[in-house]
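Worksheet: one structure, shown below.
Read-outs throughout are calculated quantities, based only on the coordinates presented, and are distinct from any laboratory measurement. Not measured: the values here are computed from a predicted model. Cβ sites come from the backbone with ideal geometry, for glycine too, and all protein chains shown count toward neighbours.
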Amino acid sequence: MEKHDVVIIGGGHNGLIVAAYLAKAKVDVCVVELQDMVGGCVVTRELTLPGFKHDPAGAIHMMIQANPLLHQDELGLKATYGLKYVSPEIPGAIVFNDDSALVIYKDIHKMYDSIKQFSTKDADAYLKFCGYLKKIMAPVGVGMFAAPPRFGTMMSFLDSSAEGREYTRLILSSVLDIAEEWFESPHMRAAFCRWASEEMIGPREKGTGLYAAGWPLFHTWGLTMPVGGSGALSEALAACIRDNGGTIKLNTAVTKVIVENGAAKGVVLADGDQVMAKKAVVSNVNVRQLFLHMLSDKEVPMGFQDNVKKLKASSFAPLVQAIALNDAPQFKAGGDVQKAPFVEISPFTEELLRLYDDYSYGVPNAGMPIMGIATIADPTRAPAGKHTLYLYHFEPYRLRDGGAAAWDKEKERIADLVLETARRHCTNLDSGNILGRWIASPLDYERMNPALIEGDIGHIGSFLNQSFGNRPLPGWGQYKTPITGLYMCGASTHPGVGITGGGRATARVMMDDLGIDFKKAIGKP
């Protein structure tokens, strides 16, 4: 029987962050990971051909750049472990069905000119919109990387100022509401709706207005990516953990949390072995995995599991293709679109909304792929002169005809249609340019990573009733659980889906409970 101070279930990037901070504070940590490498959804693999490095899931590291983990390099991931990022001056573009394009620039003045081609009024409105967001988000921005207050407390705080009340109005609105309120051109309205839906919720859903607030980040952090692939972050964290005495167990499944007298005492592995925890257990898996499969109803308060069962998954899930290319895609839109490492294809608003509506009925489509050509900014990801393509599309987890199981039959057909959409906007995506191809459906994602129940890369949907202090459940949004010494981190907790580094907030809560001075532990005065 193995013993450590803290056992962490799941080596996704948030679990690794918790482990790295604790290890630096001289806590004996053990990360137990099911896969053959750490990182969860933040990994890089050679999925097609040798030398072609693909990110099968998380690819953009924008939000985490503002996290003190990286912004202040608290763990030395950059200074000591060699983590490097690239942030292109032209991070992305949105190409519309008619091959007109909104090119996104880090330079807000160039962004102004990009919008002006469609509407001078919209270009002016965009500058005002960014200023408006800066003003109303100032009181809450710092909360992205800390334990959120209870939802009612947050709403009461927001109601105490004009800026807070306007922020409340924003988050209660839909992305479509915000787009129509601020912009007149079909291009800007479609662009706002298309981009914000990366949170895996349709733009018509009330409570998604917050996700329109990400646009100013283009002009600060941009679409930042690690050199060498998304997994470079996870590998740097693993090196930090090991250097500070931590243990990482790969290819190891956890089946149960051991609870004695209402407190977490360790975990049971699939082979029957136990790894005991003297101080705490941390879950980095899906909240539904934890409370419905790793704990019994006798170990949690009456009705708690019923509340977990009520949690809703995201509105759609990913269909991802990793493609090895001889040459980078040549877009018909031309111009600076060619310099953008991420290009979204978008219909205009009415057609776009209909496609999102179809997902509610289990109807797949191929009309709005995102094309990531990371090798434009980071040539280390492919052999000299070659390129990778991350071809990503939203789809329903349950197909109308046959449910989720039908993906095994439909995967290649629908993936071919998505590729055909991309081809219509390029001049060179013929079969002769494609050297290798890998496809994963929403069902495949669930199979690859059991934390992605229903193929949900955010564990649970980022609806307003499942966000902030309500994530994952009202009253349990501060990374603690009804079981003493059992904590949560990862996408099931605030701030939710994406590569945000939210595990830092869990580590801070735990250090407070363990009597550890956080600043002293990371070497801050």
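Laid out as a table, the results:
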| item | result |
| --- | --- |
| Least to most buried among M510, M294 (fewest other Cβ within 10 Å first) | M294, M510 |
| Cross-link pairs beyond the 24 Å C-alpha cut-off, checked among K3/K520; K3/K249; K78/K278; K26/K249; K78/K524 | K3/K520; K78/K278 |
| Surrounding net charge for T252, when Lys and Arg each add one and Asp and Glu each subtract one, Cβ distance under 12 Å | -4 |
| Peptides ranked, highest mean first, by Cβ atoms within 10 Å: ranges 368-378, 280-290 | 280-290, 368-378 |
| Aspartates and glutamates whose Cα lies under 15 Å from that of K519, excluding same-chain neighbours fewer than 8 positions away | D73, E74 |
| All aspartates and glutamates inside 17 Å of K206 as judged from Cα atoms, apart from same-chain residues fewer than 8 positions distant | E166, D177, E180, E181, E198, D357 |
| Convex hull projection area averaged over all views, segment 302-430, Cα basis, nm² | 10.8 |
| Ordering of 237-250, 254-267, 428-441, 311-324 by packing [mean C-beta count within 10 Å, highest first] | 311-324, 237-250, 254-267, 428-441 |
| Hits among lysines - C-alpha to C-alpha of K116 under 26 Å, sequence gap 8 or more where chains match | K106, K128, K134, K135, K332, K339 |
| Percent of alpha-carbon pairs separated by more than 18 Å within segment 107-215 | 52 |
| For W195, W215, order by how many other beta-carbon atoms lie within 10 Å, fewest first | W215, W195 |
| The chain: calculated mean residue ellipticity at 222 nm from DSSP helix runs of at least 4, using -39500 (n - 2.57) | -9000 deg cm²/dmol |
| Kirkwood Rh and Cα Rg combined as Rg/Rh, segment 12-160 | 1.04 |
| When segment 194-295 is reduced to its Cα atoms, the Kirkwood hydrodynamic radius in Å | 17.8 |
| Rough spin-label spacing in nm, given labels placed 7 Å along Cα→Cβ, for H109 and D36 | 5.2 |
| Order by protection proxy (mean Cβ within 10 Å, highest first), peptides 357-366, 94-103 | 94-103, 357-366 |
| Over segment 367-434 - Rg/Rh using Cα atoms and the Kirkwood inverse-distance radius | 1.06 |
| Percent of beta bridges antiparallel (DSSP, the chain, rounded to nearest 5) | 60 |
| Sequence of M200, M488 once ranked by neighbouring C-beta atoms within 10 Å, starting from the fewest | M200, M488 |
| Convex hull of the chain built on C-alpha atoms - directionally averaged projected area, nm² | 23.4 |
| Centroid-to-centroid separation of segment 247-285 and segment 446-465 [C-alpha atoms, Å] | 22 |
